[in-house]
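Novice: Below are the structure tokens for one structure; questions will follow.
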């Protein structure tokens, strides 16, 4: 049994935040139907570093987050397309879109109208700033939200600041927030029978992730200082040079700090007034780091990773993305799985990160070609194969 078996999701999303949200629903067993424009579909189909796949509308950005989904094409600006959409809404449990807040209204399908068609519908709208407020109708991409949220302000160091995160963290977190909220709304509907509207803003979604940093300002009145790879909550906690590279060490507890200097042969630092207490160590980290690195540079990273972890001091190598994706722990957890796409071959994609004991998630189907499921889906709501030919001639599909 799949966790979301028999749940139908109309996925009207593009690029990242929306598709990442519906990917989670699809991996949990929901029937996710991507509704795409007939011209080129989801913009992510053209995004990626393999030109051949971009031309086939199967770009790597699209392949990354559309497994287990079905695709139909629909032109919502045509009368026929609108009628098809109304029929699909009647059959749906969830609708997800990531347009600007006014788009669905201009098409004639705001939540208020769709809820009349299907009162049990859960409608999730994802946008940069949400459906209300002074910035609601502004366009937004991930980097814009990174800048406006303060994320870029807390990244980097004195040499490189402000600094964006190296992947679209706001889009991704917005998608996770949407998936979580949809699951909560489905639970509410189980108890009450009621559908509802969910308003997700990327700006709202990312800011709580900075809770500890923000609390220092909101409660403590202290603005963040760009610290690069250092951890603002403790010292020594960050990235340190070794004989052949770098190591992450997080000696966040007092006993870990004491064990670390013992292991490095620097027991005298435990009584040094600059470093004895946690808060004074944080204030003197620039003096402390060279003392530790002088010892760490005597041996290679993997040596220190082994001996420090064995002593209970959290430590780790700093892997390239290639090595990280191929790491034994990642393989053991089946975080990445292969699925065959007939025109491409096997593609490697991420599995659902949550491990359910009774309702495990699985990757059962590759990301769909544009419009691959037109016949399968539309014939279930009353259209014949001949009807589909006529609809295609009219530009509705």
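Read-outs throughout are calculated quantities, based only on the coordinates presented, and are distinct from any laboratory measurement. Note that this is a predicted model, so its numbers are computed, not measured. Positions of Cβ are generated from backbone atoms using ideal geometry, with glycine treated the same way; all protein chains shown enter the neighbour counts.
Novice: Please sort 115-126, 252-263, 24-35, 132-143 by packing, taking for each peptide the average over its residues of neighbouring beta carbons within 10 angstrom, highest first.
Specialist: Output ranking for 115-126, 252-263, 24-35, 132-143: 24-35, 115-126, 252-263, 132-143.
Novice: Under a crude label model (7 Å from the Cα following the beta-carbon direction), how far is residue 113 from residue 39 in nanometres?
Specialist: 2.1
Novice: Quote the FRET efficiency, to the nearest 0.05, computed for residue 241 versus residue 354 with a Förster distance R0 of 41 Å and r equal to the Cβ-Cβ distance.
Specialist: 0.65
Novice: Hey, what angle do you get for helix 17-27 against the long axis of the chain, alpha-carbon based, 0 to 90 degrees rounded to 10?
Specialist: 80
Novice: Would you mind telling me which residue in 103, 169, 363 has the biggest mean-square fluctuation in a Gaussian network model of the chain, where springs connect alpha carbons within a distance under 10 angstrom?
Specialist: Of 103, 169, 363, the most mobile in the Gaussian network model is 103.
Novice: Another question, then. What is the stretch 1-151 by shape, rounded, prolate or oblate, if you read a ≥ b ≥ c off the alpha carbon gyration tensor as root eigenvalues and call it rounded for a/c under 1.5, prolate for a/b larger than b/c, and oblate otherwise?
Specialist: rounded
Novice: Now for a different question. Classify the stretch 237-319 as rounded, prolate or oblate, taking a ≥ b ≥ c as the square roots of the eigenvalues of its Cα gyration tensor: rounded when a/c is under 1.5, otherwise prolate if a/b is larger than b/c and oblate if not. Don't jump to the answer; show the numbers that get you there.
Specialist: Working: a/c = 1.71, a/b = 1.52, b/c = 1.12.
In terms of gyration-tensor shape, prolate.
Novice: For helix 285-296, report the angle its Cα long axis makes with the longest principal axis of the Cα atoms of the chain; keep it between 0 and 90° and round to the nearest 10°.
Specialist: It works out to around 80 degrees.
Novice: On to the next question. Looking at the chain as a GNM with Cα springs under 10 Å, which of 47, 269, 202 has the largest mean-square fluctuation?
Specialist: Comparing 47, 269, 202 in the GNM, the peak value goes to 269.
Novice: Under a crude label model (7 Å from the Cα following the beta-carbon direction), how far is residue 372 from residue 272 in nanometres?
Specialist: 6.0
Novice: Using alpha carbons only, how many angstrom separate the centre of the stretch 257-333 from the centre of the stretch 1-36?
Specialist: 42
Novice: Let me ask you something else. Compute the helix-to-body angle for 169-192: its Cα long axis versus the longest principal axis of the chain, expressed 0 to 90° and rounded to tens.
Specialist: 60
Novice: Where does each of 219-225, 107-113, 73-79, 62-68 land if you order them by average Cβ count within 10 Å, highest first?
Specialist: With the highest mean Cβ count within 10 Å placed first, the list reads 62-68, 73-79, 107-113, 219-225.
Novice: Also, I was wondering about something else. Starting from the Cα gyration tensor of the stretch 26-92, take the square roots of the eigenvalues, sort them a ≥ b ≥ c, and report rounded, prolate or oblate (rounded when a/c is under 1.5, otherwise prolate if a/b is larger than b/c, else oblate).
Specialist: It comes out oblate by the Cα gyration axes.
Novice: Counting alpha carbon pairs within less than 8 Å and at least 6 residues apart, what relative contact order, in whole percent, applies to the stretch 237-319?
Specialist: Once normalised by length, the contact order is 43 percent.
Novice: What residue among 80, 298, 56 shows peak mean-square fluctuation when the chain is described by a Gaussian network model with Cα springs under 10 Å?
Specialist: 298
Novice: Just from its helices, what would the mean residue ellipticity at 222 nm be for the chain, if runs of 4 or more DSSP H residues each count -39500 (n - 2.57) and the sum is divided by every residue, rounded to the nearest 500 deg cm²/dmol?
Specialist: -10500 deg cm²/dmol
Novice: So, by mean Cβ neighbours within 10 angstrom, what's the order for 148-158, 348-358 with the highest one leading?
Specialist: Packing proxy ranking, top to bottom: 148-158, 348-358.
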